[in-house]
Amino acid sequence: MTIAITGASGALGRATAELVLQAVDPSEVVLTTRHPDSLAEFAARGAGVRPVDFADPRTLATAFTGVDRLLLISTDAVGARLDQQRAAIAAAADSGVGHIAYTSVPEPVPANPALVVPDHAGTEQALRNSGVRWTMLRNNLYAHMQIPVIEQAIEAGRLVTNTGAGATAYVSREDCAAAAAAALTQDGHADKAYDITGPEALTAEDLTALASELGGREVELVHTEDAAYAAGLRAAGLPEEVAEVVTSFGAASRGGFLGNTSSAVSDLTGRTPAALADIIREALRS
C-alpha cells in the first residue's frame with residue numbers, strides 16, 4: 001500500500017510524514033511539494049518526493065500515480081484553493097487513489113461565519129462526489145497560535161478578544177499530525193468525519209486567567225466587536241485578509257462552532273491530546 005501526503009514541506013505535512021515513515025516502509029511513502037529540495041532528508045530515507053503545485057494543473061497529471069491512500073492537506077490560499085483542491089481530488093480519482101483523507105475545519109456549515117468554511121465545505125462535497133473513500137479530519141484551531149496571544153496579554157496586561165463567551169477546543173499541530181497518520185496507516189476510517197480537538201474547550205476568561213497566572217499579575221479581559229477587533233489586528237501589522245480571517249474565527253467561537261470536544265485524537269492515536277496550558281507553559285519556558 002502506497003501512502004501520499006500533499007504539502008509535505010509544510011509544518012503539518014512534515015510532522016505527518018515523520019509519523020507515517022515510522023509506521024510503514026519508506027518505499028511506500030510519496031511526498032508531494034512545491035519545494036522538493038526541502039524534503040531531501042525524507043528522500044534520503046527512501047521516501048518518494050514529487051514536485052506538485054496545485055496552482056499548476058499540469059503537475060497533477062502524474063502526481064498520484066501508484067498511490068492507494070492520500071492525505072490532502074488544505075492549502076493556505078483562502079478563497080482561491082477550492083478549485084485547486086477539486087482538481088487534485090479529480091486527479092487522484094483518475095489515478096486510482098482509493099482513499100483520501102482531508103484536513104478540514106469543525107462544522108463546515110453555512111451558518112459558521114469562519115471565512116475558511118466555503119473552501120472546506122466545497123472540498124468535502126467534492127470528496128463525497130468523487131467516488132473515492134474519504135475521511136474528514138476537522139482540525140480545530142492550532143494551540144500554538146495562542147502563544148503570541150498569551151505573550152502579548154502578559155506584556156500589555158490586557159487580553160482583547162471578539163469571542164464573547166464562546167469556547168474553542170484548541171489542538172496541537174502534533175496531535176493533528178498523529179491523527180492524520182493514524183487515518184492513513186490504519187483501516188476502519190473510511191467515510192467518517194472526525195473532530196480533531198484538544199482535551200477541553202477554553203473561553204477568553206480561561207485564557208485571561210492563564211495569562212494572569214503565567215505573568216504573575218492581573219490581566220484584564222477586554223471584549224470588543226468584530227470591526228474594532230479587525231482594526232486592532234490591522235494596526236498591529238496583520239495584512240487585511242489575515243485580520244479578517246482571524247476575526248471570523250473569533251465570531252465562529254462566539255457562535256459555538258469551535259467549542260465541541262471529541263475523543264478522536266485518543267481514539268485514533270491511543271494518546272491523550274496535549275492541553276493548551278501545557279503548550280503555553282512549555283513555550284514560555286523555552
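Here are the numbers for this structure:
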{"quantity": "From the options 37, 94, residue that is free of Cβ contacts under 8 Å to residues at least 12 places away in the same chain and under 21 Å from residue 122 (Cα atoms)", "calculated": "94"}
{"quantity": "Residues satisfying the stated conditions in segment 261-282, i.e. under 27 Å from residue 224 (Cα atoms), over 16 Å from the mean Cα position of the chain (by Cα) and not charged (D, E, K, R)", "calculated": "275, 277, 279, 280"}
{"quantity": "Near pairs, Cβ below 6 angstrom, 6+ apart or cross-chain, from segment 9-26 (surrounded by fewer than 16 Cβ atoms within 10 Å (Cβ to Cβ)) to any residue that is at pLDDT below 95", "calculated": "none"}
{"quantity": "Subset of segment 57-78 (residues that are under 23 Å from the mean Cα position of the chain (by Cα), surrounded by fewer than 17 Cβ atoms within 10 Å (Cβ to Cβ) and not aliphatic (A, V, I, L, M))", "calculated": "68, 76"}
{"quantity": "One residue from 105, 109 being at pLDDT 95 or above and crowded, with 21+ Cβ neighbours inside 10 Å", "calculated": "105"}
{"quantity": "Unique match (being crowded, with 19+ Cβ neighbours inside 10 Å, under 19 Å from residue 142 (Cβ atoms) and either at pLDDT 95 or above or polar (S, T, N, Q) (or both)) among 253, 266", "calculated": "253"}
{"quantity": "Top-ranked residue of segment 79-115 - restricted to ones that are among the aliphatic types (A, V, I, L, M) and under 22 Å from residue 258 (Cβ atoms), ranked as farthest from the chain's Cα centre (by Cα)", "calculated": "111"}
{"quantity": "The listed residue being under 18 Å from residue 249 (Cβ atoms) and crowded, with 22+ Cβ neighbours inside 10 Å, out of 143, 179, 201, 165", "calculated": "143"}
{"quantity": "Within segment 154-242, helices (runs of 4 or more DSSP H) holding 1 or more residues that are out of contact with any Lys or Arg (no Cβ under 7 Å at 6 or more places or on another chain), among the aromatic types (Phe, Trp, Tyr) and at positive phi", "calculated": "none"}
{"quantity": "Residue 155 vs. criteria surrounded by fewer than 18 Cβ atoms within 10 Å (Cβ to Cβ) and within 29 Å of residue 275 (Cβ to Cβ)", "calculated": "yes"}
{"quantity": "Every residue from segment 118-152 that is among the β-branched types (Val, Ile, Thr) and closer than 21 Å to residue 273 by Cβ", "calculated": "135, 147, 149, 150"}
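Each row is one residue, and each column tells you yes or no for (1) free of Cβ contacts under 8 Å to residues at least 40 places away in the same chain; (2) of a type outside the set (A, V, I, L, M); (3) within 14 Å of residue 156 (Cα to Cα).
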residue	(1), (2), (3)
214	no, no, yes
219	no, no, yes
229	no, yes, no
233	yes, no, no
247	no, yes, no
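The values are calculated or read from the model by the stated rules, or taken from the named source; none is laboratory data. What you are looking at is a predicted structure, and each value in this text was computed from that prediction instead of being measured. Every residue, glycine as well, gets a Cβ built from its backbone with ideal geometry; the counts of neighbours run over all protein chains shown.
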